[in-house]
Amino acid sequence: MKESTLNQAVRQQREALTALLGSALYDLGKQCAALLDDRPALERLLAEALPQIPFCKHLYVLDAEGRQLTANITREGLDPDHFARERKDRPYMLGIVGVTDFKLSEAYISRNKKRPSLTAVQVVRGAGGERQGFLGADYDLRELPATQGLYEEPGHWRQIKGDPAIRGGLFLQIRSESAMDRCIDDVLALMHELMVEHGVFHGKLHFSSSRATIWLVDDPYRYRILGIDDLNDPDICLAYPHRPFTGRSIVPPGQIMPVLELFRALRFADDNVYLRAGSLNLCNGMVALNFSCDGSHYLRHDEFLEKGAGFWFGQLKG
């Protein structure tokens with residue numbers, strides 16, 4: 001299976017963190033080997049080492065069976081409540097034996113703080129190379145450095161199947177005319193006006209429930225809900241100041257109405273398979289569609305226009 005862009009971003013971040021954390025724990029693990037039978041000395045060693053371990057919240061040592069030999073060493077001091085804790089079944093211990101001497105765990109939700117966390121585990125070996133225990137270092141994801149840029153959502157077509165119960169009864173239902181259906185030409189014209197002239201960069205039309213949600217460049221962190229009475233009243237343009245067409249748009253102004261008109265075609269082309277909601281985001285150029293089968297699709301606006309209405313019904317009925 002091809003690795004997704006999101007998985008690639010996660011993998012690259014993990015590789016960078018492994019390089020950052022691995023060498024420090026390797027050196028400390030070698031020092032721990034001679035002190036496994038001396039808890040006070042082991043805890044002093046960890047306490048002295050903790051400030052030198054970047055971003056680490058807790059240090060501790062386990063025996064070869066995964067039972068904790070020390071308190072948790074924190075920046076606030078020793079936390080003895082974890083002494084003798086059994087950790088062999090925790091997510092970060094799975095797969096460490098026989099695979100590698102160092103492992104950076106998958107992220108997990110911590111048992112105590114209920115926060116996304118990582119644990120690095122270094123095998124502690126004796127002079128003859130035998131495994132004698134483990135050195136553990138816990139990290140809070142909030143405190144780790146960001147070693148990668150902001151993840152970019154891919155622009156390729158993505159399909160997400162919805163509720164199988166809805167899909168199973170697809171051909172038992174027939175589209176009911178909504179209030180928006182009865183005035184759809186005016187609604188599309190108003191949405192076009194808001195996007196081109198009034199700073200709306202993301203608009204979603206809920207055809208079945210006769211409402212719209214919009215996001216504006218002046219206030220991008222909050223959305224507005226427009227009911228059917230609002231969408232039937234051009235006076236609402238007075239509530240949203242005129243704004244130049246956003247320079248962040250990758251959708252040309254001339255392609256906005258063709259996208260909206262294709263929404264209309266998908267709404268009315270079939271009584272069983274029909275569009276329930278459609279949205280257009282000008283800044284990432286993506287169209288989102290939700291059909292009566294509860295399937296959702298995400299694709300670039302230009303690809304959406306190129307496919308046309310006929311493409312969708314072969315996909316959805318097949």
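The values are calculated or read from the model by the stated rules, or taken from the named source; none is laboratory data. Remember, predicted model here, so these are calculated numbers, not experimental data. Counting neighbours? That spans all protein chains shown, and the Cβs are built from the backbone with ideal geometry, glycine included.
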Report whether or not Lys57 is charged (D, E, K, R) and surrounded by 15 or more Cβ atoms within 10 Å (Cβ to Cβ). yes
Criterion first (assigned by TED's automatic domain parsing to the domain that holds Ser292, closer than 15 Å to Cys283 by Cα and not aliphatic (A, V, I, L, M)) does Asp230 satisfy it? no
Residues of the range 54-79 being farther than 19 Å from Arg115 by Cβ and either out of contact with any strand residue (DSSP E or B) (no Cβ under 8 Å at 6 or more places or on another chain) or part of a loop (DSSP other than H, G, I, E, B) (or both), in sequence order, are Ala64, Glu65, Gly66, Leu69, Thr70, Ala71, Gly77
Checking Arg67 against (1) in contact (Cβ under 8 Å) with a residue 12 or more places away in the chain; (2) more than 17 Å from Gln132 (Cα to Cα), the condition it does not meet: (2)
On the given criteria, is Ala265 assigned by TED's automatic domain parsing to the domain that holds Leu190, out of contact with any strand residue (DSSP E or B) (no Cβ under 8 Å at 6 or more places or on another chain) and either of a type outside the set (Val, Ile, Thr) or more than 18 Å from Cys183 (Cα to Cα) (or both)? yes
Does Leu25 count as within 25 Å of Pro80 (Cβ to Cβ), modelled with pLDDT of 75 or more, within 36 Å of the chain's Cα centre (by Cα) and part of a helix (DSSP H, G or I)? yes
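Is there a residue being assigned by TED's automatic domain parsing to the domain that holds Asp181, more than 19 Å from Val287 (Cα to Cα) and under 32 Å from the mean Cα position of the chain (by Cα) anywhere in the range 247-255? Spell out how you get there, then give the answer.
As a first pass, look at the range 247-255 and keep what is assigned by TED's automatic domain parsing to the domain that holds Asp181: 247-255.
Retained after the next criterion (residues that are more than 19 Å from Val287 (Cα to Cα)): none.
Checking the range 247-255: not a single residue is assigned by TED's automatic domain parsing to the domain that holds Asp181, more than 19 Å from Val287 (Cα to Cα) and under 32 Å from the mean Cα position of the chain (by Cα).
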Test for Thr119: is it among the β-branched types (Val, Ile, Thr) and either outside any helix (DSSP H, G or I) or without any contact (Cβ under 8 Å) to a residue 40 or more places away in the chain (or both): yes
